[in-house]
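Enquirer: What follows is a single structure, and I will ask about it in a moment.
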Amino acid sequence: MPIAKVNGVEVEFEPGMTVLQVAERAGQEIPRFCYHERLSIAGNCRMCLVEVKPGPPKPQASCALPAADGQEIFTDTPMVKKAREGVMEFLLINHPLDCPICDQGGECDLQDQAVGYGRDGSRYSENKRAVEEKNMGPTVKTFMTRCIQCTRCVRFITEVAGVPDIGMISRGESAEITTYLEKNIDSELSGNVNDLCPVGALTHRPWQYHYRPWELRKCETIDVMDAMGSNIRADYRGSEVMRVLPRVNEGINEEWLADRSRYAVDGLQARRLDRPWIRENGKLRAASWDEALNAVAAKLKAAPANRIGAIAGDLQDAESMKALLDLFRALGSANTDCRQDGAAIGGGAREGYLFNSSIQGIENADAILLVGANLRAEAPLLNARIRKAWLKGGTEVGVIGQQVDLTYDYAYFGEGSKTVGKLPKAATELLSKAERPAIIVGMGALVGENGAAVLNALGAIAKKTGVVKDGWNGFNVLHTAASRVAGLDMGFLPGEGGLAVADMLKPGALDVLFLLGADEINASGSDAFRVYLGSHGDRGAHSADVILPGAAYTEKSGLYVNMEGRVQLAERAVFPKGEAKEDWAIIRALSERAGQTLPYDTLDQLRTKLMADVPSFGRIDYLAPSASFDVASLGVKGDVGDVAFVSTITDPYLTNPIARASETMAELSRERVAPVALAAE
């Protein structure tokens, strides 16, 4: 490996690294504004100046200068110090002195570096320039007079998000960052530009003037707005979660976060259930916990075992589902299901319902066939991964389903199950000729009467085209619910002779229906006694006869399994609202009154039981290597029919009770630009 000297210390580095990267490898901090390791190099700000020998006797931008064997790099000479002070002075000549009212104050790169590398005064006496503010949509608040033209936002929205709505216009003193047509940023990743902005030019509009950074306490937890399991940090003040920011996890979300995961946080305060309710004479009245639990227990004990059922929702933690599953099995009921959308998955090999290539591993695929999935709505960060692979070249993408703008080119093969039943030659060749082919199956292909047959047909295609082979498993199921894989792992499915979701909702099917945070179904058609345990007054609560207030995902410690099978631990940031309790504790108390006391009294005991019954839950943050399996055994053989695949998510901003309670999500939903249909090439 080549060797360079940094301030007299020899450092080995990999070919292709820049001087800035080599200096940081040596432990030297290099100030920067425009450079970001996940974006292309711009060399705009000139803050990262260093002295390099051999080379011209002047400071050079280390972010754009390739390192070479035998180089001597100096980061602290008088020349470098004077150059950085001069650059900082230029950056500040037009910057307004509004740090006391700036949302970026206290966590601002410009503040920090002005103290560390700037002068103690300014020689600039001319008038400062001002720049007109821009409208960039409900998530981005602009103060463009603060902008230092680092172009991080431009490069992110163009390169990563794939929506070139932001750019720089004009030259010299007139240069400014803008949306060319004064329109909203049409991206589900727009909030990341606020994180990237090193000054206060772009800040989070939904949280404007709500807090100061030093007032907040931090809790590292897991996002549940989709099935990716993005790593997040929930910042809270008192009993309120004020904001959600991404944490770095190279295997899942890198350091990005989707707008739904970031800005639905205000929904945690609205439409909350904070006390038990009982419906009498068609109207709900407040009740005590004893009264509500006794009413539910009486109904459970009075009904035959085959006349009670439970449905788990999309945001549930594994512990609450395990407790409910144990309770209903103890009561003798086989009517349990965690698939609100009725998807035909589960019951076989674990690899049959996982995202087997892994989220990070999908970048290694050289051919990808998307079936019944709109990735921009269902998994925006996964879509960004595929775009990254496509930009590098060598990755071809094909689509069966809706024609939408995915931010990259793809070949369109057909709209639904008929295409899967008789795969076009071009689609077969796309997969067969690839060294690492992958199929991504969305829920849009697996719901409905023909879902199981479609899954079987896709398994046959995967086997025929080498999607699953030694050393590579490219068969991937794209889930949309954070709780789904955990439910499938523990067997929260209909037992022998048990009813699935659609059958449980039919009139006369059940006497008691227990809804565990199940809000994506219409239970009003069922004439059963309906019990709802959840955190928000949403669809499930509206039709319930008894409401038991539970905890939201930021108010309890719980295990979640993402779509690639990775078990992750979410931590509690704040306590449940009012009289609400943690979901598992409510079910445990109910079991005692129902005469089937569950064999655990604490959360640790419940987790011990869960891990004993399903060992995969004991491997926290572990991603099992992809294993080959018999894809031909998926689903059931039958006629795939002629059904168009449509994404199960019609509005990406209103997918769950928390999002539907959020004012920001409601505004994003109103402002959303419908995906533009592309003509098949």
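Enquirer: Taking the stated definitions as given, is residue 331 in contact with a Lys or Arg (Cβ under 8 Å, 6 or more places away or on another chain) and either modelled with pLDDT under 95 or surrounded by fewer than 23 Cβ atoms within 10 Å (Cβ to Cβ) (or both)?
Expert: no
Enquirer: Quickly run through the stretch 476-491 and pick out the residues that are open to solvent by less than 10 Å² (accessible area, probe 1.4 Å), farther than 24 Å from residue 543 by Cβ and in contact with a helix residue (DSSP H, G or I) (Cβ under 7 Å, 6 or more places away or on another chain).
Expert: 478, 479, 486
Enquirer: Scan the stretch 158-170 and give yes if some residue there is in contact with a Pro (Cβ under 7 Å, 6 or more places away or on another chain), open to solvent by 10 Å² or more (accessible area, probe 1.4 Å), more than 27 Å from residue 106 (Cα to Cα) and among the hydroxyl-bearing types (Ser, Thr, Tyr), otherwise no.
Expert: Yes, there is a match, as at least one residue in the stretch 158-170 is in contact with a Pro (Cβ under 7 Å, 6 or more places away or on another chain), open to solvent by 10 Å² or more (accessible area, probe 1.4 Å), more than 27 Å from residue 106 (Cα to Cα) and among the hydroxyl-bearing types (Ser, Thr, Tyr).
Enquirer: Could you check residue 602 against (1) open to solvent by 40 Å² or more (accessible area, probe 1.4 Å); (2) within 17 Å of residue 516 (Cβ to Cβ) and say which number it fails?
Expert: (2)
Enquirer: Every residue in the stretch 180-222 that is open to solvent by 30 Å² or more (accessible area, probe 1.4 Å) and closer than 11 Å to residue 104 by Cα, please.
Expert: Within the stretch 180-222, 195, 208, 209, 212 meet the criteria.
Enquirer: Please specify each residue of the stretch 454-464 satisfying the condition of being more than 14 Å from residue 478 (Cα to Cα) and open to solvent by less than 10 Å² (accessible area, probe 1.4 Å).
Expert: First pass over the stretch 454-464, keeping only residues more than 14 Å from residue 478 (Cα to Cα): 454, 456-457, 459-464.
Answer for the stretch 454-464, where residues must be more than 14 Å from residue 478 (Cα to Cα) and open to solvent by less than 10 Å² (accessible area, probe 1.4 Å): 454, 459, 462.
Enquirer: Looking only at the stretch 265-317, which residues are within 20 Å of residue 327 (Cβ to Cβ) and aromatic (Phe, Trp, Tyr)?
Expert: 289
Enquirer: Look through 42, 61 and report the one residue that is within 19 Å of residue 155 (Cβ to Cβ), in contact with a Gly (Cβ under 9 Å, 6 or more places away or on another chain) and not charged (D, E, K, R).
Expert: Selected residue: 61, the only one of 42, 61 that is within 19 Å of residue 155 (Cβ to Cβ), in contact with a Gly (Cβ under 9 Å, 6 or more places away or on another chain) and not charged (D, E, K, R).
Enquirer: Filter the stretch 139-158 down to the residues that are within 19 Å of the chain's Cα centre (by Cα) and assigned to a helix (DSSP H, G or I), then identify the one that is nearest to residue 114 (Cα to Cα).
Expert: Step by step, filter the stretch 139-158, then rank; the result is 156.
Enquirer: Another question, if that's okay. Take the residues in the stretch 230-267 that are open to solvent by less than 10 Å² (accessible area, probe 1.4 Å) and of a type in the set (Asp, Glu); name whichever of them is farthest from residue 379 (Cα to Cα).
Expert: Checking each candidate, the answer is 235.
Enquirer: If you scan the stretch 606-653, which residues turn out to be outside any loop (DSSP other than H, G, I, E, B), more than 26 Å from residue 420 (Cβ to Cβ) and among the β-branched types (Val, Ile, Thr)?
Expert: The answer is 608, 620.
Enquirer: Looking at the structure I just gave you, is residue 445 assigned to a helix (DSSP H, G or I), small (Gly, Ala, Ser) and more than 30 Å from residue 327 (Cα to Cα)? Write out each step before concluding.
Expert: Values: assigned to a helix (DSSP H, G or I): yes; small (Gly, Ala, Ser): yes; more than 30 Å from residue 327 (Cα to Cα): yes.
Answer is yes for this residue.
Enquirer: Looking at 624, 594 in this structure, which one is surrounded by 13 or more Cβ atoms within 10 Å (Cβ to Cβ) and at pLDDT below 95?
Expert: Values: 594 fails: at pLDDT below 95.
After applying the criteria, what remains is 624.
Residue by residue, here is whether (1) under 32 Å from the mean Cα position of the chain (by Cα); (2) of a type in the set (Val, Ile, Thr) holds:
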site	(1), (2)
575	yes, no
580	yes, no
596	no, no
602	yes, yes
606	yes, no
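Enquirer: Another one. Return the only residue of 311, 278 being among the β-branched types (Val, Ile, Thr), modelled with pLDDT of 95 or more, closer than 28 Å to residue 488 by Cβ and in a strand (DSSP E or B).
Expert: From the options 311, 278, the qualifying one is 311.
Enquirer: Going by the structure shown, is residue 182 part of a loop (DSSP other than H, G, I, E, B), on the phi < 0 side of the Ramachandran plot, more than 26 Å from the chain's Cα centre (by Cα) and among the acidic types (Asp, Glu)?
Expert: It is false that residue 182 is part of a loop (DSSP other than H, G, I, E, B), on the phi < 0 side of the Ramachandran plot, more than 26 Å from the chain's Cα centre (by Cα) and among the acidic types (Asp, Glu).
Enquirer: Quick check on residue 431: is it in contact with a helix residue (DSSP H, G or I) (Cβ under 6 Å, 6 or more places away or on another chain) and modelled with pLDDT of 95 or more?
Expert: Details: in contact with a helix residue (DSSP H, G or I) (Cβ under 6 Å, 6 or more places away or on another chain): yes; modelled with pLDDT of 95 or more: yes.
Judged against the criteria, residue 431 is a match.
Enquirer: Could I ask something else about it? Does residue 195 satisfy the criteria of being under 23 Å from residue 260 (Cα atoms) and modelled with pLDDT under 95?
Expert: Answer is no for this residue.
Enquirer: Condition first: open to solvent by 10 Å² or more (accessible area, probe 1.4 Å) and under 26 Å from the mean Cα position of the chain (by Cα). Now tell me which residues in the stretch 525-537 satisfy that.
Expert: Matches in the stretch 525-537: 535, 537.
Enquirer: Can you pull out the strands (runs of 3 or more DSSP E) entirely within the stretch 335-442 that have at least 1 residues that are β-branched (Val, Ile, Thr) and open to solvent by less than 10 Å² (accessible area, probe 1.4 Å)? Spell out the reasoning first.
Expert: Values: elements: 367-371, 396-400, 411-414, 437-442.
The qualifying strands (runs of 3 or more DSSP E) are 367-371, 396-400, 437-442.
Enquirer: Sort through 298, 305 and tell me the only one that's in contact with a Ser or Thr (Cβ under 6 Å, 6 or more places away or on another chain), closer than 20 Å to residue 510 by Cα and surrounded by fewer than 17 Cβ atoms within 10 Å (Cβ to Cβ).
Expert: Numbers: 298 fails: in contact with a Ser or Thr (Cβ under 6 Å, 6 or more places away or on another chain).
None of the others qualify; the one that does is 305.
Enquirer: Moving to a separate point now. Determine which member of the set 589, 552, 573, 580 is touching a Cys at 6+ places or on another chain (Cβ under 8 Å), within 21 Å of residue 536 (Cα to Cα) and at pLDDT 95 or above. Even if it seems obvious, please write down each step before you answer.
Expert: Working: 589 fails: touching a Cys at 6+ places or on another chain (Cβ under 8 Å); 552 fails: touching a Cys at 6+ places or on another chain (Cβ under 8 Å); 580 fails: touching a Cys at 6+ places or on another chain (Cβ under 8 Å).
Of the residues listed, the single one that is touching a Cys at 6+ places or on another chain (Cβ under 8 Å), within 21 Å of residue 536 (Cα to Cα) and at pLDDT 95 or above is 573.
Enquirer: Please determine whether any residue of the stretch 492-504 is open to solvent by 10 Å² or more (accessible area, probe 1.4 Å) and in contact with a helix residue (DSSP H, G or I) (Cβ under 7 Å, 6 or more places away or on another chain).
Expert: no
Enquirer: Okay, moving on. Could you give every pair whose Cβ atoms fall below 9 Å, whose first residue belongs to the stretch 99-125 and is in a loop (DSSP other than H, G, I, E, B), and whose second residue is among the hydroxyl-bearing types (Ser, Thr, Tyr), counting only separations of at least 6 or pairs across chains?
Expert: Taking only residues 6 or more apart or on different chains, the pairs are 102/203; 103/203; 103/209; 103/211; 104/203.
The values are calculated or read from the model by the stated rules, or taken from the named source; none is laboratory data. Note that the structure is predicted; figures quoted are calculated from it, not measured. Glycine gets a Cβ as well: all are built from the backbone with ideal geometry, and neighbour counts include every protein chain shown. Quick note on the areas: whole protein, heavy atoms, side chains included, nothing else; ligands and nucleic acids left out. Shrake-Rupley method; radii C 1.70, N 1.55, O 1.52, S 1.80 Å.
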